[in-house]
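Asker: My questions will all concern the structure given below.
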Amino acid sequence: MPCCGVLCQYETNKLVRIQSVRLGSLKWSLNAAILLFICIMLLWNRKYQEFDLVVSSVTTKVKGVAQTHLPGVGDVVWDVVDYSGPLQSKNSFFVVTNVIVTKNQKQGKCPEVPLKGRMCHTDEDCEKGGWDQKSHGIKTGSCVRYDVLKKTCEVSAWCPVETKTNPPRPALLAAAENFTVLIKNNIRFPAFNYIQRNILPQMNDAYLRSCHRGNDSLCPIFKLGDVVREAGEKFSVMAIEGGVIGILINWDCNLDRLMHRCRPKYTFRRLDEKESNKTLYPGLNFRYAKYNMVNGVEERTLYKAFGIRFDVMVFGQAGKFSFIQLIIYIGSTLSYYALTTMMIDWLIGTSCYSAEVGQNYFEKKVESVQDKQKCILCVSYVDENNIRLVKKSQKKSLQDSKPISVQPHKEDSGHLRAVLCLLQPAESDAQPPLDHKPDRRPRRPAWCKCGHCTPSSLPQEELCCRQSDGACITSSPLFEQLVLRRSLLEAVLLYRDPLSPPADRHQTSALRHCAYSQYISWRIGVPPEDTHPAIPSCCVWRVREEYPSPDGQYSGFRPVRMASMQACANGEL
Ligand code: ZN
Ligand code: ZN
């Protein structure tokens, strides 16, 4: 493969497919449920549209007249000028529903209202020039008679001062219930350059004169009584002390050609809290006065007006199809499908499903990779069927190290076949028995079980051919035939490299290494991936005895990362 760096590579995930009808149908049911949910959300919330917020202007016109009897004044007709009050602010209108009138006030001196704590007995009780929040004027410093029983401080004020504090019950202008208001609302969605008003083109004069909320929810003319009732209040009660009512106009527009719709929706709500206001400053009221000149003296009529303020609030949005929004929505929903995987993985992981399937699945799904630092050695004992994987230790001898896993022997069938073929003709030149050789090795170390191993300074070389006491593998006739026999080793070397000169084939180091690889192929077979086969000390020394190094120096066991037995055979043993 030509190596051109990360640019010429693509990595993809490896998947594990579980053949299961139950899991397969569960997966597709979950995916279908997710798809259904996504489609419902798409249509319900119009996720395929881009939206713009409303910009609006509101004007109102109140109409109606009422006649009322004001105590001390007489019968008065109220028209829109009288009851709208001077209070005019943006997007709201005010209607007076109750009033306290104090007529013919003039600048002068008069006794203050006899409220609690305001009484006096002598002039000393009245501090000259003093006033407080509830005063109608500034104290003159004298205590005067208010009526037959009470004396109060005299004040400089508009006299006579306003005496009533509680609004009249029932409300004087309860008839305001039948007043009507026309609301004109122009809206605009700047992003779509779309303009609309709440008085639709088909609404003509005749329609506007006859329409009311009962027969058409789009009628822009409202009876104040209806508005207050729909807000959940009683007009006659609210009229006494006043309050604030919100008129909410909601525009939820769909500007797509096929489903075009842009109509206002009116709702009503009381905005001030009537419950918490029961004791302290309830309702809504303010004072205003009308001034006139009587015989060259300025007089005024003071009105304390209670009423209902109506605030018109407009909100809403318009949506229009946008391909980009659709793509973004679809993209954002793709992650939901991961829920299926998570859920099924969880199901398999718990014992709810099947412990056997779970174990199998995780074995297939999770692949353990050893860190580069760790060196796993592969060990085979003659008195054990399986081969052991042991972590290389710097201190503990290999013989005493605990295995990290035990695996079945994997036969190197190619090797077996080749060896059997090579053995046939070699039967004639059988070597003389070798047991006459003197044992020149030092005494047997503690970890040796076969009695033929040699002490070593390296822990990874401290390995015997056996787990328990018994005969050494080197004493087996097969060891002679498969590992040591010169004719076999030469044939193997020629087999590997058919054109190698005989001189190379007869070199003892080449024969020695070939003997090691013969032993590995025989006893370990194909070592598991990323492991290094280790040869017992007795076998290593038996091979070295047979094919000694001329200078008596051996490189010793150095595990190197080997990909195949071929590389292993060329290793530095
Ligand atoms: Zn031994
Ligand atoms: Zn041995």
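The values are calculated or read from the model by the stated rules, or taken from the named source; none is laboratory data. Predicted model, so just to flag it, every value in this text is computed and none were measured. In this analysis, Cβ positions are derived from the backbone assuming ideal geometry, glycine residues included, and neighbour counts consider all displayed protein chains. Side chains are part of the model used for accessible areas, which takes the heavy atoms of the whole protein and leaves out ligands, DNA and RNA. Shrake-Rupley method; radii C 1.70, N 1.55, O 1.52, S 1.80 Å.
Asker: Which of the residues that make up region 133-155 are within 23 Å of R300 (Cβ to Cβ), of a type outside the set (F, W, Y) and either open to solvent by 50 Å² or more (accessible area, probe 1.4 Å) or assigned by TED's automatic domain parsing to the domain that holds R300 (or both)?
Answerer: Residues satisfying the conditions are Q133, K134, H136, I138, K139.
Asker: Checking L36 against (1) closer than 30 Å to Y266 by Cα; (2) at pLDDT 90 or above; (3) open to solvent by 60 Å² or more (accessible area, probe 1.4 Å), which single condition isn't satisfied?
Answerer: (1)
Asker: Another question, then. If a residue must be open to solvent by 30 Å² or more (accessible area, probe 1.4 Å), β-branched (V, I, T) and within 26 Å of I249 (Cα to Cα), how many such residues does region 156-198 contain?
Answerer: 2
Asker: Identify all residues within region 6-33 that are open to solvent by less than 100 Å² (accessible area, probe 1.4 Å), part of a helix (DSSP H, G or I) and of a type outside the set (A, V, I, L, M); write none if there are none.
Answerer: Within region 6-33, C8, G24, S25, K27, S29, N31 qualify.
Asker: If you don't mind, there's one more thing I want to ask. Is it the case that V379 is surrounded by 17 or more Cβ atoms within 10 Å (Cβ to Cβ) and more than 27 Å from the chain's Cα centre (by Cα)?
Answerer: Yes, satisfied.
Asker: Looking at S368, is it more than 16 Å from ligand 1 (Cβ to nearest atom), open to solvent by 80 Å² or more (accessible area, probe 1.4 Å) and either part of a strand (DSSP E or B) or small (G, A, S) (or both)? Before the answer, list the steps.
Answerer: Working: more than 16 Å from ligand 1 (Cβ to nearest atom): yes; open to solvent by 80 Å² or more (accessible area, probe 1.4 Å): yes; either part of a strand (DSSP E or B) or small (G, A, S) (or both): yes.
So S368 passes the test.
Asker: Go through (1) assigned to a helix (DSSP H, G or I); (2) out of contact with any helix residue (DSSP H, G or I) (no Cβ under 9 Å at 6 or more places or on another chain); (3) over 25 Å from I221 (Cβ atoms) one by one and return the number of the condition V81 breaks.
Answerer: (3)
Asker: If you don't mind, another one. If the requirement is being under 30 Å from N104 (Cβ atoms) and open to solvent by less than 90 Å² (accessible area, probe 1.4 Å), which of these qualifies: T341, T301, T333, T267? Give the steps one after another, and end with the answer.
Answerer: Numbers: T341 fails: under 30 Å from N104 (Cβ atoms); T333 fails: under 30 Å from N104 (Cβ atoms); T267 fails: under 30 Å from N104 (Cβ atoms).
The conditions single out T301.
Asker: Output the number of residues of region 443-475 satisfying the condition of being within 7 Å of ligand 1 (Cβ to nearest atom) and open to solvent by less than 40 Å² (accessible area, probe 1.4 Å).
Answerer: 8
Asker: While we're here: Using beta carbons and a limit of 8 Å, which pairs, at least six apart or on different chains, have the first residue in region 473-491 and without any contact (Cβ under 8 Å) to a residue 60 or more places away in the chain and the second one assigned to a helix (DSSP H, G or I) and of a type in the set (A, V, I, L, M)?
Answerer: Going by the 8 Å Cβ cut-off, the qualifying pairs are Q481/L423; Q481/L488; R485/A426; R486/L511; L489/L511; L489/A515; E490/L511.
Asker: Whether any residue in region 399-417 is in contact with a Leu (Cβ under 6 Å, 6 or more places away or on another chain), open to solvent by 60 Å² or more (accessible area, probe 1.4 Å), outside any loop (DSSP other than H, G, I, E, B) and not assigned by TED's automatic domain parsing to the domain that holds S25 is what I want to check.
Answerer: Checked against the condition, which is being in contact with a Leu (Cβ under 6 Å, 6 or more places away or on another chain), open to solvent by 60 Å² or more (accessible area, probe 1.4 Å), outside any loop (DSSP other than H, G, I, E, B) and not assigned by TED's automatic domain parsing to the domain that holds S25, region 399-417 yields at least one hit.
Asker: Any idea which of P459, P442 is more than 14 Å from ligand 2 (Cβ to nearest atom) and either at pLDDT 85 or above or more than 27 Å from K391 (Cα to Cα) (or both)?
Answerer: Details: P459 fails: either at pLDDT 85 or above or more than 27 Å from K391 (Cα to Cα) (or both).
Criteria check complete, one pass: P442.
Asker: I would also like to ask the following. List the residue pairs whose Cβ atoms are under 9 Å apart, where the first residue sits in region 140-165 and is in contact (Cβ under 8 Å) with a residue 40 or more places away in the chain and among the small types (G, A, S), the second is open to solvent by less than 50 Å² (accessible area, probe 1.4 Å) and not in a loop (DSSP other than H, G, I, E, B), and the two are 6 or more positions apart or on different chains.
Answerer: That search, which allows pairs on different chains as well, returns S156/G108; S156/C110; S156/T140; A157/Q105; A157/G108; A157/C110.
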